[in-house]
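Following: one structure in structure tokens, then a few remarks.
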Amino acid sequence: MSAKPASVPIELPLALRFMLLIGAAMLSLSVLFVLALRLSVTKRQDAELRQSIGRITETLERSGAEELAFVELAYYITYVVYDGDGTVLATNDSLLPLLDSGGTCRSYFQKGYFADGDLNIRYLSRSANAASAAGSVPVTAECALDIANDSAAAMLSAVPLLALLSLIPVLLISFTLSFLISRRTISAFKKLQADYDREKAFSSNVSHELKTPISIIDGHANLLKRWGKDDPAQLEQSIDAILHETENMGAIVSTLLDMSRLERGQIRVQKERFFVTNLFSALREEFLALHPALRITVSDPDFIELESDMQKLHQIFTVIMANSVKFAGEDCCITLSCQRAGSRLRLSAADNGAGFAPQVLPHVFERFYKGDAAHRRDDGGAGLGLSIAQALAQALGGSIQAANAEGGGAVITVTVPL
């Protein structure tokens, strides 16, 4: 049987998409930058060509071709002057081809023009009348700029490579940052989704819990309205049922209000110093008064003193012990004990009941969880007691854990600071 392939975290494709988006944006900006730079360089080259051709034609018309050798031109500017028959009258580069641009700056490229390279120039030609001993002679003056030897053009040719090289670290940085941001964003989204799902389930469970007592009250009220008020036995039964379900609804609403106050941080912790034995003894007396058949053992050999909120710890263990009575029966045995754990104290309540089923154990502190999907009402309660116990333990700066004892039964441990 083939193993199921591991799913790719959603942060990875998001980071890759973001990296590609950044890469495309940077590449586009680089292309635009290169085009703008090329246009700027071309304009500068054209300005130099127009300035150089102006000097050459001015010298030709004033002094003739012989004086061109004294015209100051940039070292990378070459020129040639030729007549209508293609006869070269003057030049500073014998290999420069005779070209006519028609008065407009143009580019010219010829591969393998030289034995050791290509010809790549920007040129401009202009008609002029060269002065000579025989009078004015119509000629064509051509100025050229060797792009390969132009420093600005050379820098321009290196820009794409530099852009690509600089793009690599930018892509790596953008991938890393986007991955981290995506992971945090997805985590926040998952938390929001979990909160939404929890609140949705909460609303559904509240509706479920309140629907049953409301239906029972409505049913008995209609029964009394029709004929039950004339039947003393039915009247007594219906009144008892209505009162019982009203009490259940009140308990659910009260518990929900407690949960709401805890979550909003409206319940203050009032710390005091007390002995754990006093807390356990008070719990023992209260439960024995209600359930005389219970066997409750208190174990505090070190007579530990604790600084915490005794009332809230009392509320936590009331929930825990009430669950033990509910599920282990009236003759169950409950052991209350405490143990130091560094700077914290572990307070435990263990019973001799059936313990937690493996599928139930991970969910015992969830709201409205009763061990099955049907939320049966046979045992009573709304499944909120341990949720409140957990919230109270956290309000005290501690935690609560549930487990099964080695010899059987359930063990719930509350850990709080000493």
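Tabulated data for the structure shown
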quantity: Which numbered condition Glu61 misses (of (1) of a type outside the set (Gly, Ala, Ser); (2) open to solvent by 70 Å² or more (accessible area, probe 1.4 Å); (3) under 24 Å from Arg44 (Cα atoms)); calculated: (3)
quantity: Odd one out for Pro138, checked against (1) open to solvent by 10 Å² or more (accessible area, probe 1.4 Å); (2) modelled with pLDDT under 65; (3) of a type outside the set (Lys, Arg); calculated: (2)
quantity: Near pairs, Cβ below 6 angstrom, 6+ apart or cross-chain, from region 161-178 (under 14 Å from Leu20 (Cβ atoms) and assigned to a helix (DSSP H, G or I)) to any residue that is modelled with pLDDT of 70 or more and not hydrophobic (A, V, I, L, M, F, W, C); calculated: Leu171/Gly23
quantity: Every residue from region 397-411 that is surrounded by 19 or more Cβ atoms within 10 Å (Cβ to Cβ) and in a loop (DSSP other than H, G, I, E, B); calculated: Gly398, Gly409
quantity: Hey, Asp46 within 14 Å of Val139 (Cα to Cα) and acidic (Asp, Glu) or not; calculated: no
quantity: Residue match in region 217-236 (condition: part of a helix (DSSP H, G or I), closer than 20 Å to Arg367 by Cβ and either open to solvent by 70 Å² or more (accessible area, probe 1.4 Å) or modelled with pLDDT of 75 or more (or both)); calculated: no
quantity: Qualifying residue in region 347-357 (condition: exposed (fewer than 13 other Cβ atoms within 10 Å of the Cβ), within 40 Å of the chain's Cα centre (by Cα) and more than 17 Å from Ser399 (Cβ to Cβ)); calculated: yes
quantity: Qualifying residue in region 18-32 (condition: at pLDDT 70 or above, open to solvent by 100 Å² or more (accessible area, probe 1.4 Å), farther than 25 Å from Thr176 by Cβ and over 30 Å from the mean Cα position of the chain (by Cα)); calculated: yes
quantity: All positions within region 28-50 that are polar (S, T, N, Q) and either in contact with a Cys (Cβ under 9 Å, 6 or more places away or on another chain) or in contact (Cβ under 8 Å) with a residue 40 or more places away in the chain (or both); calculated: Ser30, Thr42, Gln45
quantity: Residue match in region 262-273 (condition: within 14 Å of Leu347 (Cα to Cα) and modelled with pLDDT of 85 or more); calculated: no
quantity: Residue under evaluation Val41, criteria (1) part of a helix (DSSP H, G or I); (2) closer than 17 Å to Leu145 by Cα; (3) open to solvent by 70 Å² or more (accessible area, probe 1.4 Å); (4) of a type in the set (A, V, I, L, M), criterion not met; calculated: (3)
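The values are calculated or read from the model by the stated rules, or taken from the named source; none is laboratory data. Bear in mind that the values here come from a model prediction, so they are computed numbers and not experimental data. Cβ: placed from backbone, ideal geometry, glycine included. Neighbour counts: every protein chain shown. Quick note on the areas: whole protein, heavy atoms, side chains included, nothing else; ligands and nucleic acids left out. Shrake-Rupley method; radii C 1.70, N 1.55, O 1.52, S 1.80 Å.
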